[in-house]
Amino acid sequence: MTPSKPIPTPSEDSKPFWEATRNGELRLQRCLDCSSYRFPPGVLCPECSSTSSEWVPVSGRGRVHSFVVFHRAYHPAFANDLPYAVACVELEEGPRLLSNIVGVETARIRCDMAVEVLFEKINEEISLPKFRPRA
Amino acid sequence: MNAALRDKYAIVGVGQSRIGRVPEMSDYGLQLAAVKSALDDAGLKKQDIDGIITHSHLLGAVRVHHQRLAERLGIDTDFGLSVSSGGATSCLMVQLAAAAIEAGFCSTVLCLHGDKGLTRKSGDGHEPVQEFGPEFGMFGATAQHALGATRHMHEYGTTHDQLGAIAVAFRKHACLNPEAQMREPMTLDDYHRSRWVVWPFHLLDCCLVSDGAAAVIVTSAERARDLRQPPVFVMGMGRANNSRGWNYGNHMTELAARESGAKAFRMAGVTPADIDTAQIYDCYSYIVLASLEDYGFCKKGEGGPFVQGGRLELGGALPTNTSGGMLSEGYVEGMLQIVEATRQLRGQCGPRQVPDAQTALVSGNGGNAVCHSTLILRK
């Protein structure tokens, strides 16, 4: 049997994130008091400690803060993807998240490269936000 | 910790088990070998130990480990604690030992880490990360640290020749250390030819995986004077955590070493120019380069040129990881760095001795790459 890739298990905090990506939308949690965006999701604003927040759509645009290229499969389900890139993407709204850079040879990826989100449907529940170069 | 504690505590005993591939010994077997070796080194009996601090294991995930070790050693203790701050734990345990003695909890503390990292493969003991990583194929410490190296290369033009110079220097030192796991000479070409694990890291940018344990005994400077070995005094102690994470701010390129080091230097009343040998936590070559910058041995961004030209080698301006480090001696999560610094300051290092070493700096870095601890030691 072909091993399957890990599928995210949404937590109480992250459920709205994954509901949004399922609908082809990137949403982040924004503090209702100081307006700062946060990631990863959580009950407390790391800037002002407010417990009031809302989930708002964001641009899906950002830049590659840094990236790596896997040449070794740490999980058998990724063996056929080698070499593949994992990046820390800084969104225009501020927060950074880990994802894949797709649609470009790994050798052409650079730090600070402009990227935009796209969604890869895994199943009826989960779509992963990935990033591709933006002109 | 303020300057009033400078030189008030000392390392009086160090010891280690066999390091490398030791399938015939259990975790506790390795740990007890290290403890016995440290007790013998100090000229202490096990009954003299009234405090014990151990690293609650990454690999074994053993709960209340200090008690299980003391049970097997056959002692009751006034104070016991199992702690976890990843690679920062090593130097932090020595600091906690000094704090516990200062507080009157106990008088002589055994600090220990060790396990069968190489020949026992069980889960890594980390709590499972359910999202925001594994689904993208993001696994392991190598990739996490590699993100930092990529960004450093981008900002400062750091090269593989420079990272390789670190690996080559430490291998030269390991070749002078009969206890080291890797004693085959290595050239910069060998480094470049080693396979990619997670770009930009070659295999030879990554530390070893080892079976092994090491122990360090700490007591008051006053008590230390009556023991078997010349005391190695703790001049400075620092610790800091970039707890907002590796992905946050400039944490990938500016380690918590900056603040941790500043505290340690301030307490010790010395500067980087006063350090005769450095034993840096080298989970990856890049962490050595960034640590040296953040400690102020060179300016930020100049770590690349700084590590070239043999500066980190024996005979260079800053002999670093003189036992081979975790890249070539063995991985005991930073504990062997403390052991080596102690032996250097006692003048016990034979062919790899730094002549007339008076002061040493030791670092620990880990805990998801952002926790840091620093010791400055003197003879």
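The values are calculated or read from the model by the stated rules, or taken from the named source; none is laboratory data. Here the structure is a predicted model, which is why all the values come from computation and not from measurement. Note that we place each Cβ from the backbone using ideal geometry, even for glycine, and neighbour counts take in every protein chain shown. For the accessible areas, the whole protein counts, side chains as well, though only heavy atoms, and no ligand, DNA or RNA atoms are used. Shrake-Rupley method; radii C 1.70, N 1.55, O 1.52, S 1.80 Å.
Considering only residues that are over 23 Å from B:Gly157 (Cα atoms), of a type in the set (D, E, K, R) and out of contact with any Gly (no Cβ under 7 Å at 6 or more places or on another chain), which ones fall in segment A:97-123?
Within segment A:97-123, A:Glu120, A:Lys121 meet the criteria.
Just name the residue that is farthest from the other protein chains (Cβ to nearest Cβ) out of those in segment B:186-200 that are part of a helix (DSSP H, G or I) and over 25 Å from the mean Cα position of the chain (by Cα).
My answer is B:Asp189.
Regarding segment A:53-61, can at least one residue be identified that is touching a strand residue (DSSP E or B) at 6+ places or on another chain (Cβ under 7 Å) and more than 20 Å from A:Pro16 (Cβ to Cβ)?
Checked segment A:53-61: at least one residue is touching a strand residue (DSSP E or B) at 6+ places or on another chain (Cβ under 7 Å) and more than 20 Å from A:Pro16 (Cβ to Cβ).
Taking segment B:219-235 as the search range and keeping residues that are crowded, with 24+ Cβ neighbours inside 10 Å and among the aliphatic types (A, V, I, L, M), which one is farthest from B:Ile338 (Cα to Cα)?
Within segment B:219-235, the match that is farthest from B:Ile338 (Cα to Cα) is B:Met235.
Can B:Gly334 be described as open to solvent by less than 10 Å² (accessible area, probe 1.4 Å) and on the phi > 0 side of the Ramachandran plot?
In short, yes.
Quick one: in segment A:31-41, which of the residues that are within 20 Å of A:Glu116 (Cα to Cα) and open to solvent by 20 Å² or more (accessible area, probe 1.4 Å) is farthest from the chain's Cα centre (by Cα)?
A:Tyr37
Does segment B:226-242 contain at least one residue that is out of contact with any helix residue (DSSP H, G or I) (no Cβ under 9 Å at 6 or more places or on another chain), at negative phi and at pLDDT below 95?
Within segment B:226-242, one or more residues are out of contact with any helix residue (DSSP H, G or I) (no Cβ under 9 Å at 6 or more places or on another chain), at negative phi and at pLDDT below 95.
Run down A:Ile101, A:Ile122 and say which single residue is touching a residue at least 24 places away in the same chain (Cβ under 8 Å) and either crowded, with 20+ Cβ neighbours inside 10 Å or more than 11 Å from every other protein chain (Cβ to nearest Cβ) (or both).
On inspection, the qualifying residue turns out to be A:Ile101.
What are the residues in segment B:299-326 that are out of contact with any strand residue (DSSP E or B) (no Cβ under 7 Å at 6 or more places or on another chain) and under 17 Å from B:Thr374 (Cα atoms), if any?
Of everything in segment B:299-326, those that are out of contact with any strand residue (DSSP E or B) (no Cβ under 7 Å at 6 or more places or on another chain) and under 17 Å from B:Thr374 (Cα atoms) turn out to be B:Gly325, B:Met326.
Would you be able to tell me the number of residues in segment A:1-30 that are touching a residue at least 60 places away in the same chain (Cβ under 8 Å), within 13 Å of another protein chain (Cβ to nearest Cβ) and open to solvent by 70 Å² or more (accessible area, probe 1.4 Å)?
Total meeting the criteria: 3.
Six or more apart or on different chains, Cβ atoms under 7 Å: show the pairs whose first residue is in segment B:245-267 and farther than 22 Å from A:Phe39 by Cβ and within 14 Å of chain A (Cβ to nearest Cβ) and whose second is assigned to a loop (DSSP other than H, G, I, E, B) and small (Gly, Ala, Ser).
Note: no pairs meet the criteria.
State all residues of segment B:49-63 that are surrounded by fewer than 19 Cβ atoms within 10 Å (Cβ to Cβ) and either modelled with pLDDT of 90 or more or in contact with a Pro (Cβ under 7 Å, 6 or more places away or on another chain) (or both); if no residue qualifies, say none.
none
What's the number of the only condition in (1) without any contact (Cβ under 8 Å) to a residue 12 or more places away in the chain; (2) within 27 Å of A:Leu97 (Cα to Cα); (3) assigned to a loop (DSSP other than H, G, I, E, B) that B:His154 fails to meet?
Exception for B:His154: condition (3).
Of all residues in segment B:182-201, which are within 11 Å of B:His160 (Cβ to Cβ) and open to solvent by 10 Å² or more (accessible area, probe 1.4 Å)?
Passing the criteria: B:Leu188, B:His192, B:Ser194, B:Trp196, B:Trp199.
Is one or more of the residues making up segment B:151-161 crowded, with 24+ Cβ neighbours inside 10 Å and either closer than 20 Å to A:Val64 by Cα or away from chain A (no Cβ under 14 Å) (or both)?
Scanning segment B:151-161, I find at least one residue that is crowded, with 24+ Cβ neighbours inside 10 Å and either closer than 20 Å to A:Val64 by Cα or away from chain A (no Cβ under 14 Å) (or both), so the answer is yes.
Within segment A:42-90, track down each residue that is in contact (Cβ under 8 Å) with a residue 40 or more places away in the chain, surrounded by 13 or more Cβ atoms within 10 Å (Cβ to Cβ) and more than 10 Å from chain B (Cβ to nearest Cβ).
A:Gly60, A:Arg61, A:Gly62, A:Arg63 - these are the residues of segment A:42-90 that are in contact (Cβ under 8 Å) with a residue 40 or more places away in the chain, surrounded by 13 or more Cβ atoms within 10 Å (Cβ to Cβ) and more than 10 Å from chain B (Cβ to nearest Cβ).
Among (1) within 19 Å of the chain's Cα centre (by Cα); (2) of a type in the set (Val, Ile, Thr); (3) under 21 Å from B:Met335 (Cβ atoms), where does B:Val168 come up short?
Only one criterion in (1) within 19 Å of the chain's Cα centre (by Cα); (2) of a type in the set (Val, Ile, Thr); (3) under 21 Å from B:Met335 (Cβ atoms) is unmet by B:Val168, namely (3).
The conditions are (1) surrounded by fewer than 22 Cβ atoms within 10 Å (Cβ to Cβ); (2) assigned to a strand (DSSP E or B), and B:Val216 fails exactly one of them. Which is it?
All conditions pass for B:Val216, except number (1).
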